[in-house]
Amino acid sequence: RSVKPRLYSLHEPEVVCIAKGKARTRYEFGAKVSVVTTAKEGFVLDCQALAGNPYDGHTVDTSLKRVLLHTGKMPEHLLVD
């Protein structure tokens, strides 16, 4: 835990350890991404890879601003997971 930085993958150096807090799969290795799609059609409006392991609630504002920049409209409804 105290050794930083760690290399988890030789071919994907941006991979980080993500603590899930679940009994069966406590940790996952990968990268967090943010994907914004339309609810009905499933069109991708924005996607971005996020550095580290940010809390999901802190990334929503940035994603909505990027959708506004790309489309010129702010979504009326927001569904998150």
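About the Cα centre of the chain, how large is the charge dipole given +1 on each Lys and Arg Cβ and -1 on each Asp and Glu Cβ? Please answer in debye to the nearest 20.
Computed charge dipole of the chain: roughly 440 debye.
Taking 22 Å as R0, compute the FRET efficiency from the Cβ-Cβ separation of residue 27 and residue 59 and round it to 0.05. Let's see the in-between values first.
Details: r = 20 Å, r/R0 = 0.93.
In this case the efficiency is close to 0.60.
Each label point is 7 Å from the Cα along the Cα-to-Cβ direction; what then is the distance between the points at residue 15 and residue 76, in nm?
A separation of 4.4 nm, rounded to one decimal place.
Sequence neighbours fewer than 8 away in the same chain don't count; with that in mind, list the aspartates and glutamates whose C-alpha is under 15 Å from residue 22.
none
Would you work out which of 21, 67, 55 lies farthest towards the positive end of the dipole of the chain? Charges go on Cβ: Lys and Arg +1, Asp and Glu -1.
The residue sitting farthest along the positive end of the dipole is 21.
Read the figures in this text as sums done on the coordinates, not as results from a lab. Fair warning: this is a prediction, and the values are worked out from it, not measured in the lab. Note that we place each Cβ from the backbone using ideal geometry, even for glycine, and neighbour counts take in every protein chain shown.
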